[in-house]
Every structure is written in C-alpha cells, then in structure tokens.
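For reference, the structure is listed below as structure tokens.
Every read-out reported here was derived from the displayed coordinates using simple, explicitly stated rules and does not represent laboratory data. Given the structure is predicted, the values throughout are model-derived calculations rather than measurements. Every residue, glycine as well, gets a Cβ built from its backbone with ideal geometry; the counts of neighbours run over all protein chains shown.
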Amino acid sequence: MIYLVEHFYSIQGEGRYVGTPSLFFRFGGCNMRCEGFGCSEVAQDGVKVLGCDTVYAVNKEHFAHGWVPITRAEELLSVLDLYELPNSVDIVLTGGEPLIYVNEPIFVEFLEKLTAFGHQITFETNGSLNVDFEKYPIYKECIFALSVKLANSNEPLAKRVRGDVIYNIASNAKDAFFKFSIDRDSINIALEDEIQSIQLHSPKTKVYCMPVGGTKAEVEANTEPLIEFCKAKGYNFSDRLHIRIWDANKGV
Ligand code: SF4
C-alpha cells in the first residue's frame, strides 16, 4: 500500500534545482526517524513526536490517520489535473522516504506515465534504499537528491550510509547530488571527515549543504556558520527557501 501525505505546486526550495517550479508529492513512511534533528510535532492524539521537520510524514503510528491510501496509479496521476501546470513540469517525490515504494507496481507505473507525459522526476531520498535500475529502467530517467544522513541524525552509521546504494544510484541515475542537513553545533572536523567518507562512494557527485531547521528562525540561526563551512571546504551552500519564505507552514 502506498500512502500519500500531501501534494502541492510550489518552487523547489533546496538543492541543485532551487527555484524551479515543481509539483511535490509527499509520501508517508520512512525507514529512519532522525530524532537527532530535534524537530517535534504534536499529533492529533496529543502525543508530541520527535523527529525531523517532516515527522508528520514519517511516523505512521501517530500521523497515518491523515495519510491517503493509494491503490491505483491513476489516483496519483489525477493530482496533476488539480493544478494549472506548464506542459512539462518538474515532479518532486519526497517524504518521508519515497523509495520505500521503489518496487511497488503502482509506483513504477506512476513514474512511467509521468515520464511519458514529458515531466522530469526528482527523488528526495536518504540514499539508503537500493534501486534496481535493470529491472525498472524508468529510474534511469530520474534525478536523485541524495540526502544521506550524518551523525547529527542519531541514526546508526550502518543504516544511514550504504556505500553500495550511493554508488549504484549515482552511477545509474540521470543526475544525482548530495544534500546534507547541518546545524551550527555539528560543524567540526568529525563532520568534515564524515562528508568526505560518504563522498568517496561517488567522488564526482557534487555536495550541497543546507541548514537544519523546521522554522525560519532555526534555518537563519544555522545559515551563516554553514556558509563559512562551505566557503572553507568548497561545498555548495543550499538555502531552504521554502522555510525562509513560508516558515513552518506545510503544503508550500
Ligand atoms: S530520513 Fe529524511 S524523512 Fe526520514 S526521518 Fe530522516 S530526515 Fe526525516
């Protein structure tokens, strides 16, 4: 079963394609929790759930009541009719972790039809779940933003950094880039070493560093120290434009 949390037409706020008009599909569920990011949200049942800035799309136990179960690819495709879109538009598949659905026939059919209609697909993924590019060649037409989790996520190393997965995706996808979420307290030599060790799995893949934060204030507090880190190491800084503009609002 595929769960859709929300969809919205906006601009891409992060990474290499920042500013590009994009239709976002946010899918429910993730193979991680990333409680180290320190964001939290109170669920309808009154429980305060700790996690990342999209904890409402990660935690099935407390938030799935608001997720829409999808049983046919047409249900996802019909979302495009709800918006006035250009003939071909960037489609961003995010979450949660969209690749938990990588082998679902409905999901693969959805990708194939989007591509046949001329849309460009970008996955926002944590880069820990493998993709079978030979069995499902449609994934070779997709772009992957590899948001590999660092130690500040509090996820175990063996779970968050899968060198074989990173290499496979970066070698087979149409385009791929690394996108790391970093807060000012994590900027140290250990962080630098970790980014370099991740990049070793795909040395030509460009690195974008963006400030941790689910609110404008958090993003702003982490921005300047991160820019200094990027200047020193030669990484690209990526803003989180949507949070800077719309703060903690969802669906924008
Ligand atoms: S992998 Fe991404 S979506 Fe999943 S918990 Fe971590 S930050 Fe959130």
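For the range 1-150, what's the relative contact order in percent, using C-alpha pairs closer than 8 Å and at least 6 residues apart?
22
Taking amide H positions as placed 1.01 Å from N in the peptide plane, with prolines and chain starts having none, which residues 5 or more places from Val49, or on another chain, fall under 5 Å of its amide H?
Under 5 Å from the amide H of Val49 lie the amide H atoms of Glu41, Val42, Ala43, each far enough along the sequence or on another chain.
What net charge is computed for the residues neighbouring Arg16, neighbours being all others with C-beta under 10 Å from the C-beta of Arg16, Lys and Arg scored +1, Asp and Glu -1?
For residues surrounding Arg16, the net value is 0.
Can you give me the Kirkwood hydrodynamic radius for the chain, using every pair of distinct Cα atoms, in Å to one decimal?
Computed over the chain, the radius equals 18.4 Å.
Need the C-alpha centroid separation for the range 144-215 versus the range 47-122, integer Å.
That distance is 23 Å.
Test of understanding: what is the full-extension gain from Ala151 to Ser88, defined as 0.36 nm times their sequence separation minus their Cα-Cα distance?
Net length gain for the segment: 18.9 nm.
Need one number: % antiparallel among DSSP beta bridges in the chain, to the nearest 5.
Approximately 35 percent, going by the DSSP bridge assignments.
From the helices alone, meaning DSSP H stretches of at least four residues, give me the mean residue ellipticity at 222 nm for the chain, per-run term -39500 (n - 2.57), in deg cm²/dmol to the nearest 500.
-7500 deg cm²/dmol
Which of the pairs Lys48/Lys159; Lys140/Lys204; Lys60/Lys135; Lys179/Lys233; Lys60/Lys206; Lys60/Lys179 have their Cα atoms more than 23 Å apart in this structure?
Lys48/Lys159; Lys60/Lys135; Lys60/Lys206; Lys60/Lys179
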